[in-house]
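A short worksheet on the structure shown next.
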Amino acid sequence: MKTSKNLLMAFILNLAFSVFELFGGFFTSSVAIMSDAVHDMGDALSIGLSYFFERKSTKAPDEKYTYGYARFSVLGSIITTLVLIVGSVAVIINAIIRMINPVQINYNGMIIFAVVGVCVNFCAAYFTHGSASLNQKAVYLHMVEDVLGWVVVLVGAVVMKFTQIPLIDPIMSILVAVYILYNAIKNLKVGIDIFLLKTPKGFSVEKVKSIVLQIEGVLDAHHIHIWTINGVDAYITLHIVTNEESHAIKEKVRAVLKEKGVVHSTIEIEKDDEHCDGYSCEIKDHHNHSHCCHHHQLVQ
């Protein structure tokens, strides 16, 4: 809930500032400020969408989404990050054009708007800082881009006012855009990995198997699948081979996995002489010409 409120505050601040820029652009007849106003309006809409997805992600599981709506937060992150990547590329292209064809800059107007821009976007960045939510991390990165962008404008305007070297502005803009682009691509990769059900960071099939095999009564563990829905909580399904009472073994395995950070585990119990029809077992059969579910006979 706190994450949603933080995103709402970032949305309100960004929208208010973009409207402020819009009027400023009309008042000063500055095309540069008008262009940035349109950019910030797009940012605000992106953050508003992130807020909607974050709110939706807190809904409890139902018949339509049996695992809940947590992945909507990741979806919001991906959309926001894509907007950020497109925006960064646009800044780089525009900066290159400015380097080729320098324009007359109103330094005093830039300084005033830059000071306001740094303050507003710093507040928005503060509200979205420090969350485990991938969605809020994407918005935070968005806000950092805007803060750094306005810092560049401020420093560039002051330096250019005294040096009369207009190339400083586009060069600094490119450096900031490249930095943001690098981090945005990293954030996008995390979101895509979640949707592709990649094993979460800090987990591995071999590590889980090793931990489970240390539990008394467990002869083997296989058909292990680990994934995350929101980039924070880990889920796991696995088959356990045992000749002990199934309920007791399940409780032991579930407790150990919970200690390791697994929030939900689905455990299937098999007896020592039982055949497993699992997909991963069939793959092993095909490659090794032996049944994986019989490997537990070696584990004594």
Going by the structure shown, is Tyr179 in contact with a His (Cβ under 6 Å, 6 or more places away or on another chain), touching a residue at least 24 places away in the same chain (Cβ under 8 Å) and not in a loop (DSSP other than H, G, I, E, B)? no
Scan (1) part of a loop (DSSP other than H, G, I, E, B); (2) in contact (Cβ under 8 Å) with a residue 40 or more places away in the chain for the single condition Gly87 breaks and write down its number. (1)
Residues of the range 92-126 that turn out to be under 17 Å from Asp40 (Cα atoms) and within 22 Å of the chain's Cα centre (by Cα), as a count: 5
Restricting the range 56-84 to residues that are among the basic types (Lys, Arg) and assigned to a helix (DSSP H, G or I), the one surrounded by the most Cβ atoms within 10 Å (Cβ to Cβ) turns out to be Arg71
Does Lys186 satisfy the condition of being out of contact with any helix residue (DSSP H, G or I) (no Cβ under 9 Å at 6 or more places or on another chain), outside any loop (DSSP other than H, G, I, E, B) and not assigned by TED's automatic domain parsing to the domain that holds Ala255? yes
Going through the range 182-213 one residue at a time, which ones are aliphatic (A, V, I, L, M), surrounded by 14 or more Cβ atoms within 10 Å (Cβ to Cβ) and in contact with a strand residue (DSSP E or B) (Cβ under 8 Å, 6 or more places away or on another chain)? Ile194, Val205, Val208, Val212, Leu213
When you scan the range 173-181, do you find a residue that is among the aromatic types (Phe, Trp, Tyr), surrounded by fewer than 20 Cβ atoms within 10 Å (Cβ to Cβ) and over 24 Å from Leu45 (Cβ atoms), even just one? no
Would you confirm whether or not the range 128-149 contains a residue that is over 16 Å from the mean Cα position of the chain (by Cα), surrounded by fewer than 24 Cβ atoms within 10 Å (Cβ to Cβ) and part of a loop (DSSP other than H, G, I, E, B)? no
Since Ala255 meets every condition but one in (1) within 30 Å of the chain's Cα centre (by Cα); (2) surrounded by 13 or more Cβ atoms within 10 Å (Cβ to Cβ); (3) not assigned by TED's automatic domain parsing to the domain that holds Ile96, which condition does it not meet? (2)
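The values are calculated or read from the model by the stated rules, or taken from the named source; none is laboratory data. Just so it is clear, the model here is predicted, and its values are computed rather than measured. With ideal geometry, Cβ positions are generated from the backbone for all residues, glycine too; neighbour counts draw on all protein chains shown.
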